[in-house]
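Following: one structure in structure tokens, then a few remarks.
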Amino acid sequence: MFDMLADRLGKAVDSLRGRGRLTEENIADTLRQVRMALLEADVAVGVVKSFTDAARARAVGTEVMRSLTPGQAFIRVIHEELTRVMGEPGRGLNLHATPPVVVLLAGLQGAGKTTTAAKLARHLIERQRRNPLLVSTDVYRPAAMTQLERLAGQVGAAYFSPQAGAAPVEIASAALDHARRHQHDVLIVDTAGRQHVDQEMMEEVQAVDRAVGATERLFVVDSMAGQDAVKAAERFDAALALTGVILTKADGDARGGVALSVRQVTGKPILFVGVGEKTEALEVFHPERIAARILGMGDVLSLIEQVQSTADQEKGAKLAAKLAKGKGFDFTDLRDQLAEFSRMGGVAALASKLPTQALPPGALATVDEGSIRRQIGIIDSMTPGERRRPVIIAASRKRRIAAGAGVPVQEVNRLLKQFLQMEKVMKKMRGGGLAKLLRGLPGQRPGRGGPH
């Protein structure tokens, strides 16, 4: 997330790490690099000026100049100012209203409103124990209704099917009535988008809002859209009095300008961040964590939360108990772990939350997400006995497994080698070894698991 901005800001602040003395000159030089990085990331000019002015005032004061570790103190100032610009942590959805609470999603076409509607429904079902109803009022793009109905089925949410030929306001009103009669405590309304803001669009979304009396009116914005999206947010806010913002596609090649601009420009809080296409890829917005990621400090807290919410806790407990009893780690266990990696977005998605110092240079460039699927295929081609006792896999067995998985024998050999390495790591995790491993990560306080 925000790779380009992270790279530029990382280079700007790296020269300050470990410095015993800072001068106004090298502070000014660093801030000049920071300003250029922010502008290239498409951050609004006014936001850039506010950020650099605040950072400079703090940097040349006693807070940094008289610190025992001024380089680290200045980096902390940049982190805190990035956090301030992005606003307060996401509060989640406001559900303190007479049910059904109506959540209205608005935004430009292609921002990801329909997928976001399903993600919110899943969040409400799994985290809030709610019973949401989904409805689309996009009568201009029939595929949007079909898509939302399909996604609703995937996340286990109810979907309201409108009558053919009904207008958006009629659809929204009928869905609200249905939600009341069928004990749905939340109604999520997906509205139509356009390629650009126009008066007809605004009047329609205003009419839908009046019909349902939305508690939450959320602007869904593509993180890669640039400052045009921020201007659109201002227009939507003028029409709807927005209550919050959801950033989407933050896992892509996002420059970061929207995330760093939309809160300060519109005054509306960012509530959630979409970090992938899967319906579980929605995170509550934590500005301090995103600022840490941008500066290469990692985001171990979000990683832990993601593992806790996504991982199969029962399988994890069984594996932990198995290892604690001294029983060996086998290929069935490895297959479970690979499947968990895939569900959580792959190795690259997880590694993006680790401090940059925790990874060898260029490590992520070597990651091939398709290799996880091939490795699962190789394991699936093994017999139960081979999974339990990999030592019996000789040359003839390797050829049979490779043929079954449709891969060269070399890939089978590579997986066997990786398995032996992982088996050694698992042995080290016995007796508190995992805690020791986590404490050894850069960005961890001695004796504690939390980030700086």
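The values are calculated or read from the model by the stated rules, or taken from the named source; none is laboratory data. Predicted model only: the values in this text are computed from it and were never measured. Here the Cβ is made from the backbone with ideal geometry for all residues, glycine too, and neighbour counts use every protein chain on show.
Output yes when any residue across segment 133-142 is touching a residue at least 40 places away in the same chain (Cβ under 8 Å), in a helix (DSSP H, G or I) and of a type outside the set (Ser, Thr, Tyr), and no when none is.
No: zero hits.
Filtering segment 282-304 down to residues that are at pLDDT below 85, aliphatic (A, V, I, L, M) and within 11 Å of the chain's Cα centre (by Cα), which residue is farthest from residue 235 (Cα to Cα)?
Ranking the candidates gives 303 first.
Would you mind stating whether residue 258 is touching a Gly at 6+ places or on another chain (Cβ under 9 Å), at pLDDT 80 or above and closer than 20 Å to residue 49 by Cα?
So residue 258 does not fit the description; no.
Among (1) modelled with pLDDT of 80 or more; (2) buried (at least 19 other Cβ atoms within 10 Å of the Cβ); (3) of a type in the set (D, E, K, R), where does residue 277 come up short?
Among (1) modelled with pLDDT of 80 or more; (2) buried (at least 19 other Cβ atoms within 10 Å of the Cβ); (3) of a type in the set (D, E, K, R), residue 277 violates only (2).
With modelled with pLDDT of 75 or more and in a helix (DSSP H, G or I) as the only criterion, which of 34, 64 stands out?
Matching residue, one of 34, 64: 34.
Condition first: in a loop (DSSP other than H, G, I, E, B), closer than 15 Å to residue 245 by Cα and touching a helix residue (DSSP H, G or I) at 6+ places or on another chain (Cβ under 6 Å). Now tell me which residues in segment 88-116 satisfy that.
Across segment 88-116, the qualifying residues are 107, 108.
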